[in-house]
């Protein structure tokens, strides 16, 4: 059975966190190979792909892509992370896990991380003409195009 230590050693990764919260950082160029190994070792359920924007935290890269894996035989879980910069692409894993299709599109839509090799990299939650990526830390809190003098329809409805 493969564990975090084995994955870290085999793919020159670093383990961070403790116990159930532990995860391994792997270079993005090795993430596909690491997930292939996990899939062979019964970590064959990709539960989620998400991202973290670490703007202003003095990290080596702005974004972290997170993979949540589950073992179908004993229901154990494993988390892999890889770092990617704003202008870089990250390799897709849709050829390994069909569940990565919508998850990678969501990461693209919300954070602007492009997955190289993805067959349908387009927005999934926001309209096609939406500008920006709402979960980036530099996205305006009130959204783009917000005006202070715009009527507050919620307040107006409550007063009626």
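The values are calculated or read from the model by the stated rules, or taken from the named source; none is laboratory data. Nothing here was measured: the structure is a model prediction, and the numbers come from that model. Positions of Cβ are generated from backbone atoms using ideal geometry, with glycine treated the same way; all protein chains shown enter the neighbour counts.
Below are the figures for this structure:
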item	result
Complete set of residues in the range 71-99 that are buried (at least 17 other Cβ atoms within 10 Å of the Cβ) and assigned to a strand (DSSP E or B)	78, 79, 80, 81, 82, 83, 84, 90, 91
Scan of the range 17-32 for residues that are without any contact (Cβ under 8 Å) to a residue 60 or more places away in the chain, in a helix (DSSP H, G or I) and within 11 Å of residue 80 (Cβ to Cβ), ordered by number	30
Sole exception among (1) farther than 22 Å from residue 126 by Cα; (2) part of a loop (DSSP other than H, G, I, E, B); (3) more than 14 Å from the chain's Cα centre (by Cα) for residue 61, by number	(3)
Residue among 109, 48 that is part of a helix (DSSP H, G or I), closer than 29 Å to residue 125 by Cβ and at pLDDT 95 or above	109
Filter pass, residue 55 being surrounded by 15 or more Cβ atoms within 10 Å (Cβ to Cβ), touching a residue at least 12 places away in the same chain (Cβ under 8 Å), part of a loop (DSSP other than H, G, I, E, B) and on the phi < 0 side of the Ramachandran plot	no
Options 5, 87: the member that is free of Cβ contacts under 8 Å to residues at least 12 places away in the same chain, closer than 19 Å to residue 134 by Cα and over 12 Å from the mean Cα position of the chain (by Cα)	87
Every residue from the range 1-14 that is surrounded by 15 or more Cβ atoms within 10 Å (Cβ to Cβ) and within 30 Å of residue 138 (Cβ to Cβ)	13
